Structures are given as C-alpha cells and as structure tokens.
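Taken together, the values in this text are just the output of simple stated rules run on the coordinates, not laboratory data. Just so you know, these numbers come straight off a predicted model, no measurement behind them. FYI the Cβ positions are ideal-geometry reconstructions off the backbone, even for glycines, and counts take in every protein chain you see.
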Amino acid sequence: MAKKDKELFESLRARGVRKKVADGVSKAVNGGAKPKVARRAVSDLSTVVAEIQDRIQGGPEKRRAAAKKAARTRKRKAHRRSAAAKKAARTRA
C-alpha cells in the first residue's frame, strides 16, 4: 500500500478538496500511486481557478455585451448594403 504525505493531505482537506482526491494526490506526490491522478486533479483545479477568475472579472457579461454590439453592427451594415443595392437598382432601371 502506498504511503501518503499526511501534511499535504491535511493541507488539501483544509482548503476544501474532497477526501478521495486529496488522498490520491498525496499518494501520487509521494511516489506511491500513479501520477495521472495528481495531474488530473491539477488540471481540474486549474480549470476551476480560471472559471472563478473569469467570473470575478465580469467575463460572461463582457462577452454578452460584446456579442450584442457585434450583432447590432452586423445588422446596421446589412441595412446599409441593402439600401445601397436598392439605390443602385433604381439608378440602373
């Protein structure tokens, strides 16, 4: 059975990491288990950190506002193209 790094395990648990994940990571870091478990945990945690940072900086709202602005711009440009085409058609007729 693999030994786990008790200090790391307790530190992870104190920061809200689930027991099973903390156990797997502490065993993997200590060389007893597969490092795949630790890599997956790091990947999951970094994804969560990125999501939190994005939400703190107003990411979804900024993207939504940018998308609405882009839609308005496309609509305005299409209207101008249409008006120009109609004017040109009237001129040719």
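Under a Cβ-Cβ cut-off of 11 Å, what is the net charge of the residues other than residue 41 that fall near it, where Lys and Arg count +1 and Asp and Glu count -1?
Values: positive: 18, 20, 36, 39, 40; negative: 23, 44.
Computed value for this residue: +3.
Cross-link pairs exceeding 28 Å in C-alpha to C-alpha distance, out of 6/36; 3/36; 19/62, comprise 19/62. When the Cα positions of 52, 41, 65 are compared along the charge dipole of the chain, 65 comes out farthest toward the positive end, with charges on each C-beta of Lys, Arg, Asp and Glu. Counting only Cβ charges, +1 for Lys and Arg and -1 for Asp and Glu, the dipole size of the stretch 7-93 around its Cα centre is about 1540 debye.
Using the Cβ of residue 8 as centre and a radius below 14 Å, the other residues enclosed give a net charge of +3, where K and R count +1 and D and E count -1.
Given that just one value was derived from the coordinates, which of (1) 14.8; (2) 17.8; (3) 14.3 is Kirkwood radius over Cα pairs in Å? Evaluating Kirkwood radius over Cα pairs in Å on these atoms matches (2).
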